[in-house]
Each structure stands twice: as C-alpha cells, then as structure tokens.
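Reading through the structure tokens given below for one structure.
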Amino acid sequence: MAYAAFRSIGAYAPRKILTNEDLSKMVDTTDEWITKRTGIKERHIAEKNETTSDMGVEAAKKAIERSGIDKSEIDMVICATISPDYFCMPSTATIIANKLSLGHVTAFDISAACTGFVYILSIAKAFIESGMKKNVLIIGAEKLSAITDYTDRGTCILFGDGAGAAIISATDNRDEAIIDIHTGSDGTYADLLMTPNGGSGSIHDSIDQESKACFMQMKGNETFKVAVRTLTKDVVEILDTNSIESSQITHFIPHQANLRIIKAVGEALKLNDNQVVITVEKYGNTSGASIPMAINEIYENGSLKAGELMLLDAFGGGLTWGSALVPFSPTLK
Ligand code: UT7
C-alpha cells in the first residue's frame, strides 16, 4: 500500500501591510481593542491586480522547489479558497496549474473556508493511498480583501491575504506517512459566517455592492464560542484515536483566527508555548491559507525539522472543522 508523505511547504504574503493604526482611521476601532481581542497587529493585502491564483503560484513554486521533485511529476492540483479568481469557473486550481505549466493534470477547487487546507490534505492523502495519484500539489490561497467590507469593524480587522502550498507524495515508508486526518461539518450553523450574495441561493438579483451582501458577514461572538468548543474536542479526539499524547506533538499549528482561541485550545491540551505556532499577529486571518503559511513560517525560521510531528487544527465557515497528525517528511538528499 502507498502512504502519503508531507514533503515540502511554501508560502507567499503580498508586500502591502495594513496595520491596526491604519484601520483605526477607517472604522471606529483602536489598536488596543484589536490586539486585546484578537492578537492581530497587521495583515498583508494584495494589490488590486494581484489575484488569488498569482499568490498561489508564488507559494507553489517554493513548495515544488523544496520538494525535490520535478514539476512534470505532479499529477493533481487542489486549491482551497473562498476568494477564487472567478466565482463558479474556471477553478483557481486550473489557473494555477496553467501558470505553472503543469500540463493536463487533474485540477479542482474545494470550498471549506478556514478548514480548507485540512480538507485538501485529506483528499490528497486519499488519492495517494488509493494509488490513483503520486504527487499532489495542494494550495490554500485567499484574497479576502476582495470580499471584506471595510466599513464593518466586526470583520475588516480580522482578515488578510496570502497563500501557502505543499507537496504530498506517495511513499512506501510508513514512518514518513501522514498518520490521520479527521474532518467534519455542521450546516445548522451556516448563517454564522457567510457571503450572502452571488450563489444560486442568493436572495439578491445581482452582485450588489450597495447591499454589502457580496462581502463576508460573521456573527463573531457566537462563532468564537463554537470555535473553542469544536477545535478542542476535535484535537482531543484525533490524539485519543491514535494513542498519541500531546507531549509528543512538536508543533501545534491551529488555524490563525484569534489568539484567544489558540490559547484556549493550547491550554486545554496542556501544550507549552514552544509547541504552539502563532502567526496571527503578522498575517491576521487568511482562512484556507493560514495553516500552510504558519507551517512555512516555522520551516523558514529553521524550527521545523524532518521527522517532527505536526498537529494541524482548523475551523471555519460551513461550519467546518478538521485536524491532522502529520510528520514532516522532506525528501532527504
Ligand atoms: O476563521 C473562521 C472562524 N472565525 C473565528 O473563529 C473568529 C471568531 N470570533 C472572534 O474572533 C471574535 O468574536 C471577534 C474578534 C470577532 C470579536 O471579539 P468578541 O470578544 O467576541 O467581541 P464582541 O463581538 O462580543 O463585541 C464586544 C464589543 C461590542 O460592543 P458592545 O456591544 O459591548 O458595546 C462590539 O460592538 O466590542 C465591539 N466591537 C468593537 N470595538 C472596537 C466589535 N468590533 C470592534 C472593533 N473595535 N473592531
């Protein structure tokens, strides 16, 4: 049987930075409020002509280069995004595959909001274990600034742009394999976090900026409570199922939505500060891109080493959630 190994990581953040100070001139808020309630200090914002696929391509180039495989060996591309280049079609994955000249690979997007990266990791794992694919490029990429209402202080202080990518490859070596991935959803909470316009269920006749229904809307406080409860339950379950103690986790990499949520889950798991990866202060919430951007951060600062165990934990619109136990298994030269 083939196993799926997490070979490499890459990420990209646009150059332009939007600070809490900047936001305090746009809406009724302060740096103090944002820092205390979310831990966010700044977020990166894409240029007007910079698309989700452009950012995905930059992250993917790094992941491919670091994987040691030739790009001609990639046989599938999956992109997790809620801010695709085009709503409906073509998918952002096909655009990325084309920009990278990957040929006629299988390519598609999935929509699982901030849980997107864990979902595409699970899809890549399943395709590889079934023998259908050998090298899968997975990308979480978001231009959330395009769907953010910069007059709504409840959401505009949270979100940023960026992309992260990884290569997942087939291996015979069980020690390199992704151990387990759990995913779930609960559509009864669909209205907590949504963009009301633009789909077949839309009550609006057209994409209408006036009504603000084309922007993200969130019932923040209710979402917060479900997030803490669900994330904690989810990681406890995946550790129990696999008889792994939290002390065996080298890097806990949660979705970067809010520092208070991350701290609450870390404390529930009795993790020490060295185990918990936090990037929310620099990038804000980049939805499906947040986990791979955080993995890239510890890769680039030299603290992610071959064989170390990562615990990924995500939560987002849908509502959706997922967790994954993933050893970092770069190709050793
Ligand atoms: O990524 C996917 C999932 N997303 C999440 O997990 C995010 C979940 N939610 C959150 O992170 C938090 O709920 C927020 C950061 C969005 C809000 O923090 P909170 O502690 O839940 O605040 P709140 O919504 O209960 O609002 C408290 C007060 C309210 O004023 P009153 O009613 O007490 O007078 C808000 O109007 O803070 C006010 N407020 C603000 N004040 C200054 C809300 N946003 C702001 C703001 N600046 N930006």
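Tabulated results
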| item | result |
| --- | --- |
| Members of the stretch 264-293 found to be within 15 Å of the ligand (Cβ to nearest atom) and among the β-branched types (Val, Ile, Thr), listed by number | Val265, Ile278, Thr279, Val280, Thr286, Ile291 |
| Residue match in the stretch 90-100 (condition: closer than 30 Å to Asn258 by Cα and surrounded by fewer than 17 Cβ atoms within 10 Å (Cβ to Cβ)) | no |
| Cβ pairs under 6 Å, 6+ apart, first in the stretch 85-96 and under 21 Å from Ser145 (Cβ atoms), second part of a loop (DSSP other than H, G, I, E, B) | Asp85/Thr51; Phe87/Gly198; Thr92/Thr81; Thr92/Pro84; Thr92/Asp85; Ile95/Asp85 |
| Residue match in the stretch 164-172 (condition: within 16 Å of the ligand (Cβ to nearest atom) and buried (at least 19 other Cβ atoms within 10 Å of the Cβ)) | yes |
| Residue match in the stretch 210-219 (condition: closer than 25 Å to Arg15 by Cα, within 13 Å of the ligand (Cβ to nearest atom) and in a loop (DSSP other than H, G, I, E, B)) | yes |
| Yes/no for Asp70 being free of Cβ contacts under 8 Å to residues at least 12 places away in the same chain and closer than 15 Å to Val136 by Cα | yes |
| Residue tally, condition more than 11 Å from the ligand (Cβ to nearest atom) and under 20 Å from the mean Cα position of the chain (by Cα), over the stretch 247-263 | 6 |
| Where Gly154 falls short, out of the listed (1) more than 15 Å from the ligand (Cβ to nearest atom); (2) over 16 Å from the mean Cα position of the chain (by Cα); (3) part of a helix (DSSP H, G or I) | (1) |
| Cβ pairs under 9 Å, 6+ apart, first in the stretch 216-227 and over 21 Å from Lys143 (Cα atoms) and aromatic (Phe, Trp, Tyr), second near the ligand (Cβ under 8 Å from one of its atoms) and outside any helix (DSSP H, G or I) | Phe224/Ala257; Phe224/Asn258 |
| Output for the stretch 234-272, where each listed residue is without any contact (Cβ under 8 Å) to a residue 24 or more places away in the chain and within 28 Å of Thr35 (Cβ to Cβ) | Lys263, Gly266, Glu267, Asn272 |
| Test result for Ser101, within 16 Å of the ligand (Cβ to nearest atom), polar (S, T, N, Q) and part of a loop (DSSP other than H, G, I, E, B) | no |
| So Asp205, is it surrounded by fewer than 21 Cβ atoms within 10 Å (Cβ to Cβ), more than 15 Å from the ligand (Cβ to nearest atom) and either modelled with pLDDT under 95 or among the basic types (Lys, Arg) (or both) | yes |
| Enumeration of residues in the stretch 311-333 that are more than 16 Å from the ligand (Cβ to nearest atom), surrounded by fewer than 24 Cβ atoms within 10 Å (Cβ to Cβ) and not charged (D, E, K, R) | Leu325, Pro327, Phe328, Ser329, Pro330, Thr331, Leu332 |
| Criterion (under 30 Å from Ser200 (Cα atoms) and buried (at least 19 other Cβ atoms within 10 Å of the Cβ)) met by exactly one of Thr38, Thr52 | Thr52 |
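The values are calculated or read from the model by the stated rules, or taken from the named source; none is laboratory data. Every value quoted in this text rests on a predicted model; they were computed, and no experiment measured them. Cβ sites come from the backbone with ideal geometry, for glycine too, and all protein chains shown count toward neighbours.
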